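Participant: To start, I am sharing the structure in question, which I have written as structure tokens.
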Amino acid sequence: MKKIRLMEVCGTHTMAIAKAGIKKLLPSGIELVSGPGCPVCVTAQGDIDRAIEISRFDNVIMTTFGDMMRVPGTKESLDDMRGKGHDVRLVYSCRDALNIARYNTGKKVVFMGVGFETTSPTVAATVIEAEKKGIRNFFVLSDFKLIFPALEIMAKSEKPAIDGFICPGHVSVITGSMPYEKIAAKYGKPCVIAGFETADILKSIIRLTDLIKRREYSVVTEYKRAVKRSGNRKAQKILNSVFEKSDTTWRGLGMIGKSGLRLKNEYRRFDAGGEFRVKIPRTKRRIACICGDILKGAKSPVECKLFGKACTPRKPVGPCMVSSEGTCAACYKYEK
Amino acid sequence: MGERITLAHGNGGKLMHELVDRLRIKFSNKILDEMSDAAELCVQKSKIAFSTDSYVVKPLFFPGGDIGKLAVFGTVNDISMKGARPLFISLSLIIEEGLGISLLDRIMTSVREASRRARVQVVTGDIKVVERASADKIFINTSGIGLIINTKRRIGSKAEKGDLIVINGKIAEHGMAVINAREKLGFISGIKSDCTNLNVQAERCIKASKRISVMRDLTRGGLATALCEIASFSNLGIELYEKNIPIKGNVRRMCDMLGFDPLYVANEGKFVCFVDKKDASKVKRGMGKSAAIIGEVVSSHKKEVYLKTVIDAGRILQMPVYDQLPRIC
């Protein structure tokens, strides 16, 4: 019998699957591989380098989410910059960064924003708030990504060939289930939108294998308590009023057209990229780290020579080991 | 540039253990090498437990407690876990220039109330004031001594094969209450710190059974870290049943939202007893109505904690390295 290969796109699913030990209970005919849905992991090394360079400015307070702090750029991480005395702060939301700007008018406060459709609308709302309140020392470094262009690449991919997708619950709350329909129909890959409880994930796996067996290339929402077909229209509207699609580089996947977000013209003055002209050292790929292949689901962490040896949560080489949603971190923490 | 101290050296995880070990070797002796929260001393035929701890918490006041209460109960609990009745504590304050006297008064009132409740006396103390920004408002150190209650089996750091593990209540409340208050996350959850004295409950356990091998309060690093330490020190394995571990629904949900594993979140009023199978239910009764039997000491999985998840799959609980950080989406 042919093996069924399912991809869980979202990093939070990767963690939940590892935490509950789901892989150990699955029959040998079903394989789960992790996808490119961890926002920290897919952030390109060059984008981290750019944030690091900006944090070197004397009058800058650099802010970002917790996990971004420890991801190594070409040479250093933002955490290293903090250790060297630069003002780098961890925030829980973009609004925290805006508040820092309000209380530090003599400084330029930069928020390094990563994440998918779940995170970016809240940042858009914060930019609108900054505009309304006339806060001029607040800037956003937009490293946001859109999940659907990456999902399409995964659907097209031959290596590994994916039979069906366990789709991210949180992203779908915003986007709705509609955008998956095109991918499911065009590439013949059923999609099930899953919640994050163990039972949610198990139910989704059953549903997905059932769809695959019956060759039904449709989209099913198992996470019905949160996801509508049309999604959260208000959040979509806010997002689209502040950001527009742009080409961007993903770690592991390379440049993907129209898969990122940049500030629209009317909000361009909040763009940290425009405010700070920095030279980014040319990104060199770390030779032995296979985070790129892991993000594509082509390889598993244990196939990496560095895994658990040179690369551990304590001294991470690649981002998949740093992020709490990273495939390597999940594997190290729960499955090793 | 040489290696430096990072915050992870103080979080109860792997790096802190390495640091503690590095220092311990310098002073190595039989009492210290036992590595328990309180030292067991023999002074003119009396058996005494002696412990010290420093308290830094932000914010100073949080739902369910404050730094004063923590400073008394923390030391009281460390002594109690040694099977001792805490009697006297010291109180040392390092105060940052500029702290409001009324705030200090509030903290001291809390110290007084906590020591009354735990039936200990503050018998000596010290005050130092440092320049602004040389400390964060106030740091407190307390040390304490207590008399070890006579038992057949010495309560130490080593568990025995076949011991059952009993916990006195729901986990992860202190850590989540503090993070909610500190980061102003605005969860209207009613989550309060579980900060309390454990000496009364601990004494009840000791009276209920003479077959307790280890008692341990679960502080920073949470349940998982404490169990990892015990498994490693005992050279045995621990099997833990996820479905038996008590946790409040709102605490679990807040952990889920932030991407935290509640097994690694701090407690300030929880402890585990490792006790012979025969006496487990007696000890459980002594630990109050929320107590639960959550696991067993086994000879497999040497030096590891093996968690049986709710769906009956298994995974190893690792000693943590870094503090948990909130996830992004």
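Participant: All but one of (1) without any contact (Cβ under 8 Å) to a residue 60 or more places away in the chain; (2) among the charged types (D, E, K, R); (3) not in a loop (DSSP other than H, G, I, E, B) hold for residue B:132, so report the exception by its number.
Facilitator: Single failed check for residue B:132: (3).
Participant: Additional query: Residue A:83: modelled with pLDDT under 95, closer than 24 Å to residue A:322 by Cβ and within 11 Å of chain B (Cβ to nearest Cβ), yes or no? Steps first, answer last, please.
Facilitator: On the way: modelled with pLDDT under 95: yes; closer than 24 Å to residue A:322 by Cβ: yes; within 11 Å of chain B (Cβ to nearest Cβ): yes.
Taking the combined requirement at face value, the residue satisfies it.
Participant: Further, regarding this structure: So which residues in region B:37-75 are polar (S, T, N, Q) and out of contact with any strand residue (DSSP E or B) (no Cβ under 7 Å at 6 or more places or on another chain), if there are any at all? Break it down into steps so the answer makes sense when it comes.
Facilitator: Here is the first cut: in region B:37-75, the ones polar (S, T, N, Q) are B:44, B:46, B:51-52, B:54, B:75.
The one that is polar (S, T, N, Q) and out of contact with any strand residue (DSSP E or B) (no Cβ under 7 Å at 6 or more places or on another chain): B:44.
Participant: A follow-up question, please. Kindly list the number of the only condition in (1) crowded, with 23+ Cβ neighbours inside 10 Å; (2) over 16 Å from the mean Cα position of the chain (by Cα) that fails for residue B:258.
Facilitator: (1)
Participant: So residue A:258 ticks every box in (1) surrounded by 16 or more Cβ atoms within 10 Å (Cβ to Cβ); (2) at positive phi but one. Which box is left unticked?
Facilitator: All conditions are met except number (1).
Participant: Only residues that are more than 25 Å from residue A:194 (Cα to Cα) and touching a Leu at 6+ places or on another chain (Cβ under 9 Å): list them for region A:216-250, please.
Facilitator: A:242, A:243, A:244, A:245, A:246, A:248
Participant: Then there is this: Inside region B:142-182, can you point out the residues that are more than 30 Å from residue B:237 (Cβ to Cβ) and either touching a His at 6+ places or on another chain (Cβ under 8 Å) or buried (at least 17 other Cβ atoms within 10 Å of the Cβ) (or both)? It would help to see each step written out before you state the result.
Facilitator: So the first thing to find is which residues in region B:142-182 are more than 30 Å from residue B:237 (Cβ to Cβ), and the list is B:142-147, B:150, B:177-182.
Matches in region B:142-182: B:142, B:143, B:144, B:145, B:146, B:177, B:178, B:179, B:180, B:181.
Participant: Which count do you get for residues in region A:163-174 that are at pLDDT below 95 and either of a type in the set (A, V, I, L, M) or part of a loop (DSSP other than H, G, I, E, B) (or both)?
Facilitator: Here the count works out to 0.
Participant: Further question: So residue A:69 clears everything in (1) within 19 Å of the chain's Cα centre (by Cα); (2) assigned to a helix (DSSP H, G or I); (3) more than 9 Å from every other protein chain (Cβ to nearest Cβ) except one condition, right? Which one?
Facilitator: Checking residue A:69 against (1) within 19 Å of the chain's Cα centre (by Cα); (2) assigned to a helix (DSSP H, G or I); (3) more than 9 Å from every other protein chain (Cβ to nearest Cβ), the one that fails is (3).
Participant: Residue A:51 - would you say it is touching a residue at least 40 places away in the same chain (Cβ under 8 Å), surrounded by fewer than 24 Cβ atoms within 10 Å (Cβ to Cβ) and in a helix (DSSP H, G or I)?
Facilitator: no
Participant: Among the residues of region B:10-31, is there at least one that is outside the structural domain of residue B:234 (by TED's automatic domain parsing), without any contact (Cβ under 8 Å) to a residue 40 or more places away in the chain and touching a Phe, Trp or Tyr at 6+ places or on another chain (Cβ under 7 Å)?
Facilitator: no
Participant: I would also like to ask the following. Could you tell me which of the residues A:315, A:245, A:228 is among the basic types (Lys, Arg) and within 14 Å of chain B (Cβ to nearest Cβ)?
Facilitator: Details: A:245 fails: within 14 Å of chain B (Cβ to nearest Cβ); A:228 fails: within 14 Å of chain B (Cβ to nearest Cβ).
Of the residues listed, the single one that is among the basic types (Lys, Arg) and within 14 Å of chain B (Cβ to nearest Cβ) is A:315.
Participant: Checking the structure you have, find out if any residue of region B:188-211 is in contact (Cβ under 8 Å) with a residue 12 or more places away in the chain, among the hydrophobic types (A, V, I, L, M, F, W, C) and within 28 Å of residue A:15 (Cβ to Cβ). Give the derivation first.
Facilitator: First, pick out the residues of region B:188-211 that are in contact (Cβ under 8 Å) with a residue 12 or more places away in the chain: B:189-199, B:201-211.
Still in the running and among the hydrophobic types (A, V, I, L, M, F, W, C): B:191, B:195, B:198, B:202, B:205-206, B:208.
Adding the requirement that they be within 28 Å of residue A:15 (Cβ to Cβ) leaves B:191.
For region B:188-211, residues in contact (Cβ under 8 Å) with a residue 12 or more places away in the chain, among the hydrophobic types (A, V, I, L, M, F, W, C) and within 28 Å of residue A:15 (Cβ to Cβ): present.
Participant: Looking at region A:213-230, can you tell me whether even one residue there is in a strand (DSSP E or B), at pLDDT 95 or above and within 30 Å of residue A:288 (Cα to Cα)? Steps first, please.
Facilitator: The first filter runs over region A:213-230 and keeps only residues in a strand (DSSP E or B), leaving A:219-221.
Going one step further and asking which of them are at pLDDT 95 or above, we end up with A:219-221.
Still in the list and also within 30 Å of residue A:288 (Cα to Cα): none.
So far as region A:213-230 goes, no, none of its residues is in a strand (DSSP E or B), at pLDDT 95 or above and within 30 Å of residue A:288 (Cα to Cα).
Participant: Can you name the residue in region A:220-255 that is buried (at least 20 other Cβ atoms within 10 Å of the Cβ) and among the charged types (D, E, K, R) and is also farthest from residue A:188 (Cα to Cα) among such residues?
Facilitator: A:251
Participant: Only one of A:207, A:214 is out of contact with any Pro (no Cβ under 7 Å at 6 or more places or on another chain), of a type in the set (Lys, Arg), over 26 Å from residue A:299 (Cα atoms) and surrounded by fewer than 22 Cβ atoms within 10 Å (Cβ to Cβ); which?
Facilitator: Numbers: A:207 fails: over 26 Å from residue A:299 (Cα atoms).
From the options A:207, A:214, the qualifying one is A:214.
Participant: Another one. Just to verify a result, which residue in region B:1-33, among those that are among the aliphatic types (A, V, I, L, M) and crowded, with 16+ Cβ neighbours inside 10 Å, is farthest from the other protein chains (Cβ to nearest Cβ)?
Facilitator: Start the filter on region B:1-33 by keeping residues that are among the aliphatic types (A, V, I, L, M), which leaves B:1, B:5, B:7-8, B:15-16, B:19-20, B:23, B:25, B:31-32.
Applying the additional criterion that residues be crowded, with 16+ Cβ neighbours inside 10 Å yields B:8, B:15-16.
Values: B:8: 8, B:15: 7, B:16: 12 Å.
Checking each candidate, the answer is B:16.
Participant: Taking region A:116-154, which residues are in a helix (DSSP H, G or I), crowded, with 22+ Cβ neighbours inside 10 Å and aliphatic (A, V, I, L, M)?
Facilitator: Scanning region A:116-154 gives A:123, A:124, A:127, A:130, A:147, A:150, A:151, A:154.
Participant: Kindly indicate the residue of region A:196-217 that is without any contact (Cβ under 8 Å) to a residue 60 or more places away in the chain and touching a strand residue (DSSP E or B) at 6+ places or on another chain (Cβ under 8 Å) and also nearest to the other protein chains (Cβ to nearest Cβ) among those meeting that condition.
Facilitator: A:204
Participant: From the set of residues in region A:1-48 that are over 17 Å from residue A:201 (Cβ atoms) and either of a type in the set (Asp, Glu) or within 10 Å of another protein chain (Cβ to nearest Cβ) (or both), which is surrounded by the fewest Cβ atoms within 10 Å (Cβ to Cβ)? Talk me through it step by step, then tell me what you get.
Facilitator: First, pick out the residues of region A:1-48 that are over 17 Å from residue A:201 (Cβ atoms): A:1-3, A:28-29, A:36, A:39-48.
From what is left, the residues that are either of a type in the set (Asp, Glu) or within 10 Å of another protein chain (Cβ to nearest Cβ) (or both) are A:39-40, A:47.
Numbers: A:39: 28, A:40: 28, A:47: 26.
In this case the residue turns out to be A:47.
Participant: Could you check region A:101-135 and list, in sequence order, the residues that are closer than 12 Å to residue A:238 by Cα and basic (Lys, Arg)?
Facilitator: Matches in region A:101-135: none.
Participant: From the list A:63, A:74, exactly one residue is assigned to a loop (DSSP other than H, G, I, E, B), polar (S, T, N, Q) and more than 10 Å from every other protein chain (Cβ to nearest Cβ). Which is it?
Facilitator: Details: A:63 fails: assigned to a loop (DSSP other than H, G, I, E, B).
The unique qualifying residue is A:74.
Participant: Further, regarding this structure: Please give the strands (runs of 3 or more DSSP E) falling wholly within region B:219-326 in which 1 or more residues are within 14 Å of chain A (Cβ to nearest Cβ), in contact (Cβ under 8 Å) with a residue 40 or more places away in the chain and under 16 Å from residue B:163 (Cβ atoms).
Facilitator: Working: elements: B:237-241, B:271-275, B:292-298, B:305-308, B:314-317.
Where strands (runs of 3 or more DSSP E) fall fully within region B:219-326 and carry at least 1 residues being within 14 Å of chain A (Cβ to nearest Cβ), in contact (Cβ under 8 Å) with a residue 40 or more places away in the chain and under 16 Å from residue B:163 (Cβ atoms), they are B:237-241, B:305-308.
Participant: Taking region B:307-320, which residues are surrounded by fewer than 18 Cβ atoms within 10 Å (Cβ to Cβ) and either under 21 Å from the mean Cα position of the chain (by Cα) or of a type in the set (Asp, Glu) (or both)? Quick ask: steps written out before the conclusion?
Facilitator: Step one: filter region B:307-320 for residues surrounded by fewer than 18 Cβ atoms within 10 Å (Cβ to Cβ), giving B:308, B:310-312, B:314, B:316.
Matches in region B:307-320: B:312 only.
Participant: Which numbered condition in (1) part of a helix (DSSP H, G or I); (2) polar (S, T, N, Q); (3) at pLDDT 95 or above is the only one that residue B:142 fails?
Facilitator: Among (1) part of a helix (DSSP H, G or I); (2) polar (S, T, N, Q); (3) at pLDDT 95 or above, the lone unmet condition for residue B:142 is (1).
Participant: Cβ contacts < 7 Å: first residue within 14 Å of another protein chain (Cβ to nearest Cβ), restricted to region A:159-171; second residue of a type in the set (Asp, Glu), any location; separation 6+ or different chain. Result?
Facilitator: As it stands, the answer is A:171/A:117, since those pairs meet every condition given.
Participant: Then there is this: Looking at this structure, is residue A:322 closer than 22 Å to residue A:123 by Cβ, among the aliphatic types (A, V, I, L, M) and within 21 Å of the chain's Cα centre (by Cα)? Break it down into steps so the answer makes sense when it comes.
Facilitator: Details: closer than 22 Å to residue A:123 by Cβ: yes; among the aliphatic types (A, V, I, L, M): yes; within 21 Å of the chain's Cα centre (by Cα): yes.
Judged against the criteria, residue A:322 is a match.
Participant: Count, please, the residues in region B:76-111 that happen to be surrounded by 13 or more Cβ atoms within 10 Å (Cβ to Cβ), part of a helix (DSSP H, G or I) and over 19 Å from the mean Cα position of the chain (by Cα). Quick ask: steps written out before the conclusion?
Facilitator: Residues of region B:76-111 that are surrounded by 13 or more Cβ atoms within 10 Å (Cβ to Cβ), as a first pass: B:76-96, B:99, B:103-104, B:106-108, B:110-111.
Remaining after also requiring part of a helix (DSSP H, G or I): B:76-80, B:103-104, B:106-108, B:110-111.
Subset that is over 19 Å from the mean Cα position of the chain (by Cα): B:103-104, B:106-108, B:110.
The total comes to 6.
The values are calculated or read from the model by the stated rules, or taken from the named source; none is laboratory data. Bear in mind the structure is a predicted one, so any value in this text is a computation, not a measurement. All Cβ positions, glycine included, derive from the backbone under ideal geometry; neighbour counts span all protein chains shown.
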